[in-house]
Amino acid sequence: MTASKHSPHSLRHHFLVASPYLADPRFHGAVIYLCEHSDDGALGLMINQPLDIHLGEILEQLDMHGGPVEPERGFVLHPPGTNWQNTARVHDEVLLTTSRDVLAGIGKNQGPEEFLVALGYSGWSEGQLEEELGSNSWLTCPASTDILFRTPWEDRYQAVLKLIGIDLNQLSESIGHA
């Protein structure tokens, strides 16, 4: 059975943690926050492997005074508060904004107090995430806004593993499903 927005099987507002057995090297040690998970697929943002670019550089490159912006590639996670354009509710405590007005607010120190900016996303087509979960490629747990907004990026992997109750040293390649 696949998940839907209204299904108890949806992993929306969950963390995905890359299992040591995930073959794709791009996701080694990754923690992904799932913003969407439905029958059509899933969309998540990697929250613990920052790009080698500072927010100030991103704001400069966006030319906040009138340059072209590709909002489909930039994402800002933040708690509710000010109303921004192109904002979707992920959870009661987390919104996802893809418009430049939130970046302009952040650049002027008028944005949300807590936020996470991501460029690009991880996506799964219909049934793909469920297949990867079935092959033990990912560990999952409900998301924590404390980890999302208040834990340094370099500590998020261990923090999520602790939340799950997993000690990587005790994992076996023969993990199965009951």
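The values are calculated or read from the model by the stated rules, or taken from the named source; none is laboratory data. Given the structure is predicted, the values throughout are model-derived calculations rather than measurements. Backbone-built Cβ (ideal geometry, glycine too); neighbour counts: all protein chains shown.
Can you name every residue in the range 21-34 that is surrounded by 13 or more Cβ atoms within 10 Å (Cβ to Cβ) and modelled with pLDDT under 85?
Tyr21, Leu22
Which ones in the range 8-22 are among the small types (Gly, Ala, Ser) and farther than 15 Å from Trp124 by Cβ?
Once the filter is applied, which keeps residues that are among the small types (Gly, Ala, Ser) and farther than 15 Å from Trp124 by Cβ, the range 8-22 yields only Ser19.
Does at least one position in the range 11-18 carry a residue that is touching an Asp or Glu at 6+ places or on another chain (Cβ under 7 Å), farther than 19 Å from Val117 by Cβ and either modelled with pLDDT of 70 or more or of a type in the set (Ser, Thr, Tyr) (or both)? Outline the logic, then answer.
Here is the first cut: in the range 11-18, the residues touching an Asp or Glu at 6+ places or on another chain (Cβ under 7 Å) are 12.
Those left that are additionally farther than 19 Å from Val117 by Cβ: 12.
When the remaining residues are screened for being either modelled with pLDDT of 70 or more or of a type in the set (Ser, Thr, Tyr) (or both), the result is 12.
For the range 11-18, residues touching an Asp or Glu at 6+ places or on another chain (Cβ under 7 Å), farther than 19 Å from Val117 by Cβ and either modelled with pLDDT of 70 or more or of a type in the set (Ser, Thr, Tyr) (or both): present.
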